[in-house]
Amino acid sequence: MTGRTRTLEEFQGSLLERLRLAAEDLAAHPGTTLYIPPGDYRLETPLARQLRAELMNGGLGDDPEKLIFTPYFPYDTALSLCGVHHCTVEATGARFLLAGPMQALSLEACSQVVVRGLEVDCMPKPFTTASVVRKGTGYLDLQLPADSGVSERTPAPRIVPILPDGGFASGCMESFSRTALAPGIIRYFGGPDLPSWAGGKAVLIHTYHYRPALFLAQSHGIHLENVTVRAQYGMGLLAWRCQDLSLRTLNVIPSPGAAISVNTDACHFASCDGTIQLEHCCFHASEDDALNVHNYYYDAVPLGRTNYLLPVNSPTFPHAQVIDAPLPGEILGLYDRNTLQPLGNYTVTAQEEDHDALAARVTLDRSLDQNGLLLNQNLQPRIIVRDCQFQSILTRCLLLRGKTVLVTGCTFRDCPGTAVHIAPETEWREGGGVGSALLEHNLFDHVGFGDYGIHGNASVLCVEGGCPSPSMAVHGRILFRNNQLQNLSAPRPSLSVSGAETFRAAL
């Protein structure tokens, strides 16, 4: 440990070159603090510039994520930390302004790293706010701002109505075709039809996913403090194959005057272990879940004897867009596809990545007894969400799977979808169940009022099996107590519970 401090200004070259050299210095000197002075840092690479131009002129198609959110698609990162240990990035007052699709920060194969004070935004934004001219059956006519750069070639796969106070109105339209009606006025075709709402504004995202603003991979002991993400062409934060993460005062919130924050999930944790802890965080106006925690169900393709190919047959592949492979010594549980009833455990004795098949090749300690879904039993994190704020989240605030869950002291307000969803989603290959969950001392205020992101027809909490005929053993003990519920939409029920061994509610 050196205990030394370096300042970004000490490194020579362009901004991106200085960030690269600073990352190399951190990797070579454990115990170093990198100080990034306050100020705006505009970041652009040739790839990001090219992707932005192609996105806006329609060169990436009507649904760009089908091209750019695919396995091993190239991307750039402003500050890429690899193999950094026991270091701190002190960036209070520093704002990374991404001029095109790219990552702001990545930590890969790192341990005991603190990142403090960084803010990330996109200039220009990956979305556009427009005025409604008229609504009809199967279409929506919008007046685009003159300086938006949006034409009839620019994709808008999702259109969401915005209330005068900036919150989401009920409804959401998917649109994959459009035509110009007049200068600056475009008709978007799609569905479902949006309801009438006051204010006459709508926000168009121009792609669902690309890369997250913050990417954590195969790292442990990472601490983010007072980090803010304002916008991104995809998720705010994605952690994959990480252990023991602490997020304190992580904010995924819009820029002042902006309609939304990130285009998809605010935070997403895939195939993680240990403890995932969020305290005093604020999530506002993300266009998908605020927090999604899961690991992946594998399908098993026999290769002979005890050898199997393990693809993840998700609609969008594993979210890190790399092969998600179990490691030797890890235990895979086999589950019935229809009921998710456990059928036995199998140990991985050997593994390799098959990049042609985009799947892991594994050897197990014995042959599978039957055809089912495999889930890594070693990746069952403990989740703590304490004193966090969730406002105007388009779908679910919390989508949870893991060993244990604690949600306490949180506020959920003005969110049109079901606030908390505890369920595997076999269609997305996201699993598994929850061993135990305690939700207490939370405020649920005006949630579950929409037509999009509703599960089990519940406004506050939906617990379900997530398969065709769920077993009562999908989840363990769920306890919902001492929570405050107000301004809910009747007659939609507050709670919907199935697939749990025990459930108790005491408001």
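A short reminder: the numbers here are calculations on the coordinates, not readings from a lab. Predicted, not measured: the structure shown is a model, and the values here were computed from it. Please note: Cβ atoms are built from the backbone with ideal geometry, for glycine as well, and neighbour counts cover all protein chains shown.
Per-structure values
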quantity: Per residue convex hull volume, Cα atoms of the range 186-338, in Å³; calculated: 172
quantity: Unit Cα scatterers, Debye sum, the range 127-205: log10 I(q)/I(0) for q = 0.20 Å⁻¹; calculated: -0.78
quantity: Least to most buried among 480, 168 (fewest other Cβ within 10 Å first); calculated: 480, 168
quantity: With at most 14 other Cβ atoms within 10 Å, longest stretch of the chain clear of loop trypsin sites (Lys or Arg not before Pro) (DSSP); calculated: 154-304
quantity: Projected area, mean over directions - the range 1-113, Cα convex hull, nm²; calculated: 7.8
quantity: Cα gyration tensor, the range 152-265 - rounded (a/c under 1.5), prolate or oblate; calculated: prolate
quantity: Over the chain, relative contact order from alpha-carbon pairs under 8 Å, at least 6 apart, %; calculated: 10
quantity: q = 0.12, 0.17, 0.23 Å⁻¹: log10 I(q)/I(0) that the Debye formula gives for the range 208-280, counting C-alpha atoms only; calculated: -0.30, -0.59, -1.01
quantity: HN-Hα J in Hz across the range 34-42 - Karplus 6.51, -1.76, 1.60, θ = phi - 60°, x for Gly and Pro; calculated: 9, 9, 9, x, x, x, 8, 10, 7
quantity: Label-point separation, residue 443 to residue 354 (7 Å along Cα→Cβ), nm; calculated: 5.4
quantity: Three semi-axes of the equivalent ellipsoid, the range 289-415, Cα gyration tensor, whole Å, largest first; calculated: 33, 16, 13
quantity: Relative contact order, percent, the range 127-205 [alpha-carbon distance under 8 Å, six or more residues apart]; calculated: 40
quantity: Straight-distance crosslink candidates among aspartates and glutamates, where the alpha carbon sits under 19 Å from residue 125 and sequence neighbours closer than 8 are dropped; calculated: 40, 44, 54, 62, 63, 65, 76, 147, 152, 265, 287, 288
quantity: Theoretical FRET efficiency, 1/(1+(r/R0)^6), r = Cβ-Cβ of residue 70 and residue 49, R0 25 Å, to 0.05; calculated: 0.75
quantity: Stretchable slack from residue 408 to residue 21, in nm (0.36 nm times residue separation minus alpha-carbon distance); calculated: 135.1 nm
quantity: Fewest-first ranking of 273, 147, using other Cβ atoms within 10 Å as the exposure measure; calculated: 147, 273
quantity: q = 0.06 Å⁻¹, the chain: log10 I(q)/I(0) [Debye, one scatterer per Cα]; calculated: -0.27
quantity: Least to most buried among 428, 240 (fewest other Cβ within 10 Å first); calculated: 428, 240
quantity: Set of the range 282-299 residues, backbone N closer than 13 Å to the point 7 Å along the Cα-Cβ line of residue 387; calculated: 282
quantity: Gyration tensor (alpha-carbon) shape descriptor, the range 427-507, a/c threshold 1.5; calculated: oblate
quantity: Cα centre as origin, Lys/Arg/Asp/Glu Cβ charges: the range 128-210 dipole, Debye; calculated: 120
quantity: Stokes-Einstein D (µm²/s) once Rh is taken as the Kirkwood radius of the range 84-154 over alpha-carbon pairs, at 25 °C in 0.890 mPa s; calculated: 154
quantity: Length gained when the stretch residue 123-residue 370 is fully extended (0.36 nm per residue, less Cα-Cα span); calculated: 83.7 nm
quantity: Added length on full extension, which subtracts the Cα-Cα distance from 0.36 nm per residue, residue 182 to residue 336; calculated: 49.9 nm
